[in-house]
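Worksheet: one structure, shown below.
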């Protein structure tokens, strides 16, 4: 079975990514893009669905041992794993060079002391683990696996052999010796990719990441954690377009054994917009500029029908299907690819986009006339639909509701666009500005009247509902109300009281177990890490600094030994769940670190 979620490390080339477990097995990899078919799908199935393990050879086919230590080379995405055996000490270095044509995974085995018997086990399976490729050996010793439009090329500095539709290499590495494997993808109709210079690729990759990391302007007490989050966010950015995927994985469960399993290999406007804020605040202006350009391209021509998510190149069709041949991570079914939520109505997205473009302008990026026109067109559409129920920030699959967070973000979209017009960034016909000022006031009044429970002194998840929602913590960050407003303070305290797990982390909202809940789904989920970081921010904004800092420390401890965060935390099993690593979690971590160590106690409004 696959490893626990926290036992994986991430490597990538900013066009796709792979997960490497503690035992040296690559169990998840899609090629050539984040959203392409998987060639290794062991993570969601069995070894029959594809993997590539390199580690010490154990007699009798015993389970492969876990590395005794592992780390990223400082400031990079180069992963080192070390094993100590009875006869020797060995290190495996895994990385993907920033792509210049051919996507490659390079694995270097280095003897540190003594000698160690090693084995490489490569089981290539195309089509999400369903298709066994045809494998041949060329005259120069390169292995070639082909199926349909895809092909893989294996280059190794030791002999390989095939058995049971699997490619093996058994070898002994001595102290001071290096052995290398490279797996390259290419379209099956094209000539083979060149044999890589492994040493040069390692040096180039290390220099790339070290130079990129050197631009980080944060030098506070949590620099290591924050920089690892930024590197992870960079790794989840599709370099050709600037689109940022929510995670490199699909269908990792929010509840072990449950059905809340979704494909996150797409660009959510919400996640990417919040990511841009963190990048701007830590010195990464080019990434922020690239995302703004991606946004304009993705939405161009149809801003009134803004989708909540797009493909990494701006694709709009993300049809959801189930892969019934994969049993799912720890029997969590179904395994889904695509995402049917792409065409939901989520009014909050308009606010997130408007707030992001506002932040970009304040930072001097100047998104330009096209972005300003886009923002105006969004509010023209929002003016017609803001008072409708929607599916909300959490993409419910039940009946639409009047979610308070959606209305607050609709208010934010109108507010930031009014500011854009007032400062000369966009022009509208006579009378529109006054009409939108009236609209802004109307939304504000409706939320305060229909979304607020005066008896409990808290805003609620939706109009007329007693249920609370962690997204309410964002109200002061939008500027809708100041942090010291008694209604905001009451909401923060109520959310903390009613949605906290026993260990003090936050659920998004109550779930219904075996019954169908407000989200239209059965089952439960863990504490949502981004929401827990939002609580850090909210506590800091109401001057409960010591409590905020203590919660931040506990949240930082939930990252794995490599500094990676999942989507959620299972408070019962005490383990991470959900897609991994999760951009939303890493962005929220960055924001909380910056709020506590840079912004001070003052509430910072985007």
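The values are calculated or read from the model by the stated rules, or taken from the named source; none is laboratory data. Note that the structure is predicted; figures quoted are calculated from it, not measured. No Cβ is skipped: glycine too gets one built from the backbone with ideal geometry, and neighbour counts run over all protein chains shown.
Quick notes on this structure:
- Search result, residues across region 16-52 that are within 24 Å of residue 559 (Cα to Cα) and either surrounded by fewer than 20 Cβ atoms within 10 Å (Cβ to Cβ) or touching a helix residue (DSSP H, G or I) at 6+ places or on another chain (Cβ under 8 Å) (or both): 17, 19, 21, 22, 23, 25, 27, 28, 41, 42, 43, 44
- Single match in 244, 256 (criterion: closer than 20 Å to residue 35 by Cβ and in contact with a strand residue (DSSP E or B) (Cβ under 9 Å, 6 or more places away or on another chain)): 244
- Note on region 89-101: among residues that are more than 17 Å from residue 53 (Cα to Cα) and modelled with pLDDT of 95 or more, the one that is surrounded by the most Cβ atoms within 10 Å (Cβ to Cβ) is 97.
- Residue ID - nearest to residue 428 (Cα to Cα), chosen from residues in region 347-385 that are part of a loop (DSSP other than H, G, I, E, B) and at pLDDT below 90: 368
- Yes/no for residue 323 being out of contact with any strand residue (DSSP E or B) (no Cβ under 6 Å at 6 or more places or on another chain) and either without any contact (Cβ under 8 Å) to a residue 40 or more places away in the chain or more than 24 Å from residue 393 (Cβ to Cβ) (or both): yes
- Of all residues in region 105-155, those satisfying the criterion of being closer than 21 Å to residue 30 by Cα and outside any strand (DSSP E or B) are 124, 125, 126, 127, 128, 129, 130, 132, 133, 148, 149.
- Any hit, region 283-297, residues being part of a loop (DSSP other than H, G, I, E, B) and either farther than 30 Å from residue 257 by Cβ or outside the structural domain of residue 36 (by TED's automatic domain parsing) (or both): yes
- Looking only at region 465-476, and only at residues there that are in contact (Cβ under 8 Å) with a residue 40 or more places away in the chain and surrounded by fewer than 21 Cβ atoms within 10 Å (Cβ to Cβ), the one that is nearest to the chain's Cα centre (by Cα): 467
- Residue tally, condition surrounded by fewer than 20 Cβ atoms within 10 Å (Cβ to Cβ), under 26 Å from the mean Cα position of the chain (by Cα) and farther than 22 Å from residue 287 by Cβ, over region 345-393: 1
- Output for region 530-582, where each listed residue is in a loop (DSSP other than H, G, I, E, B), surrounded by fewer than 16 Cβ atoms within 10 Å (Cβ to Cβ) and without any contact (Cβ under 8 Å) to a residue 12 or more places away in the chain: 557, 572, 574
- Looking only at region 245-269, and only at residues there that are over 10 Å from residue 579 (Cβ atoms) and more than 12 Å from the chain's Cα centre (by Cα), the one that is modelled with the lowest pLDDT: 269
- Positions within region 313-337 being closer than 30 Å to residue 1 by Cβ and either in contact with a helix residue (DSSP H, G or I) (Cβ under 6 Å, 6 or more places away or on another chain) or crowded, with 18+ Cβ neighbours inside 10 Å (or both), in sequence order: 318, 320, 323, 326, 328, 329, 332, 333, 335, 336, 337
- Some residue of region 585-604 being within 22 Å of the chain's Cα centre (by Cα), within 21 Å of residue 341 (Cα to Cα) and at pLDDT 95 or above: yes
- Any chance residue 273 is surrounded by 22 or more Cβ atoms within 10 Å (Cβ to Cβ) and either touching a strand residue (DSSP E or B) at 6+ places or on another chain (Cβ under 7 Å) or within 30 Å of residue 127 (Cα to Cα) (or both): no
- In summary, residue 251 fulfils each of the numbered conditions (1) without any contact (Cβ under 8 Å) to a residue 24 or more places away in the chain; (2) within 16 Å of residue 327 (Cα to Cα) with the single exception of condition (1).
- Considering region 38-78, the qualifying strands (runs of 3 or more DSSP E), each wholly inside and each with 1 or more residues that are closer than 17 Å to residue 133 by Cα and at pLDDT 95 or above, run over 38-40, 51-56.
- Every test in (1) in a loop (DSSP other than H, G, I, E, B); (2) out of contact with any helix residue (DSSP H, G or I) (no Cβ under 7 Å at 6 or more places or on another chain) is passed by residue 435 save one, and that test is (1).
Residue-by-condition table, conditions (1) farther than 30 Å from residue 42 by Cβ; (2) in contact (Cβ under 8 Å) with a residue 60 or more places away in the chain; (3) not assigned by TED's automatic domain parsing to the domain that holds residue 125:
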position	(1), (2), (3)
257	no, yes, yes
304	yes, yes, yes
319	no, no, yes
334	no, yes, yes
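- Test: residue 404 is touching a helix residue (DSSP H, G or I) at 6+ places or on another chain (Cβ under 9 Å) and without any contact (Cβ under 8 Å) to a residue 60 or more places away in the chain: no
- When every residue of region 434-451 is checked against the conditions, none turns out to be touching a strand residue (DSSP E or B) at 6+ places or on another chain (Cβ under 9 Å) and within 21 Å of residue 539 (Cα to Cα).
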